[in-house]
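Data first, discussion second: the structure below is written as structure tokens.
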Amino acid sequence: MGIMSKILGNDGEATASEYVELDLDDVERPAADAGMSVRIAEIGGKQDVIEIKDAIYDGNLVIADITRHSTSDRTIEHIIDELRQVSDEVDGDIVQKGDDQLIITPTGIAIGREKL
């Protein structure tokens with residue numbers, strides 16, 4: 001008998017009565033000052049970089065959608081360079097995921113380059 005079978009009982013089969021339905025309306029949301037949060041951004045132009053930089057300086061992780069730009073676009077090259085400088089300043093990390101996303105992390109958070 002495997003460990004999960006011992007935990008679940010019933011020869012490894014869980015019954016419906018063993019699960020609890022979560023009502024997310026009753027879940028207490030973390031306060032804004034609870035530490036790092038994941039922020040989602042869309043980069044339409046250079047003006048969007050200011051809010052992203054502020055979020056990184058505030059200690060948040062940002063996932064930015066760059067689908068409005070081609071990767072050969074000079075504007076996005078400048079934006080990526082600017083965000084790379086910010087991640088270097090705060091000792092964070094930055095990676096481009098495919099042609100459509102940038103992930104920028106705050107201080108002390110590295111992004112693994114290998115898939116799980």
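For segment 63-81, indicate whether the set of residues that are under 18 Å from residue 39 (Cβ atoms), out of contact with any strand residue (DSSP E or B) (no Cβ under 9 Å at 6 or more places or on another chain) and not in a strand (DSSP E or B) is non-empty. Within segment 63-81, not a single residue is under 18 Å from residue 39 (Cβ atoms), out of contact with any strand residue (DSSP E or B) (no Cβ under 9 Å at 6 or more places or on another chain) and not in a strand (DSSP E or B). Selection of first residues in segment 105-116 that are in contact (Cβ under 8 Å) with a residue 40 or more places away in the chain and of second residues that are among the polar types (S, T, N, Q), restricted to Cβ pairs under 8 Å at least 6 apart or on distinct chains, gives the following pairs, ordered by first then second residue: 105/87; 106/60. Please state which one of 52, 66, 79, 94 is over 25 Å from residue 115 (Cα atoms) and touching a Leu at 6+ places or on another chain (Cβ under 7 Å). Exactly one residue qualifies, and that residue is 52.
Evaluate segment 6-23: report whether one residue or more is part of a helix (DSSP H, G or I), at pLDDT below 60 and touching a helix residue (DSSP H, G or I) at 6+ places or on another chain (Cβ under 7 Å). Even if it seems obvious, please write down each step before you answer.
First pass over segment 6-23, keeping only residues part of a helix (DSSP H, G or I): 6-8, 10-12, 16-18.
Checking which are at pLDDT below 60 leaves us with 6-8, 10-12, 16.
When the remaining residues are screened for being touching a helix residue (DSSP H, G or I) at 6+ places or on another chain (Cβ under 7 Å), the result is 11-12.
The answer is yes; a qualifying residue exists.
Inspection of segment 92-101 finds a residue satisfying the criterion of being surrounded by 14 or more Cβ atoms within 10 Å (Cβ to Cβ) and charged (D, E, K, R). Once segment 82-99 is narrowed to residues that are in a loop (DSSP other than H, G, I, E, B) and out of contact with any helix residue (DSSP H, G or I) (no Cβ under 7 Å at 6 or more places or on another chain), the residue that is farthest from residue 40 (Cα to Cα) is 91. From the list 76, 109, the lone residue that is surrounded by 10 or more Cβ atoms within 10 Å (Cβ to Cβ), modelled with pLDDT under 90 and either under 12 Å from the mean Cα position of the chain (by Cα) or among the β-branched types (Val, Ile, Thr) (or both) is 76. Note on segment 24-56: residues that are within 20 Å of residue 90 (Cα to Cα) and at pLDDT below 65 total 2.
The values are calculated or read from the model by the stated rules, or taken from the named source; none is laboratory data. A quick note: this is a predicted structure, and the numbers were derived from the prediction, not measured. For neighbour counting, all protein chains shown are included, and Cβ atoms are generated from backbone atoms with ideal geometry for every residue, glycine included.
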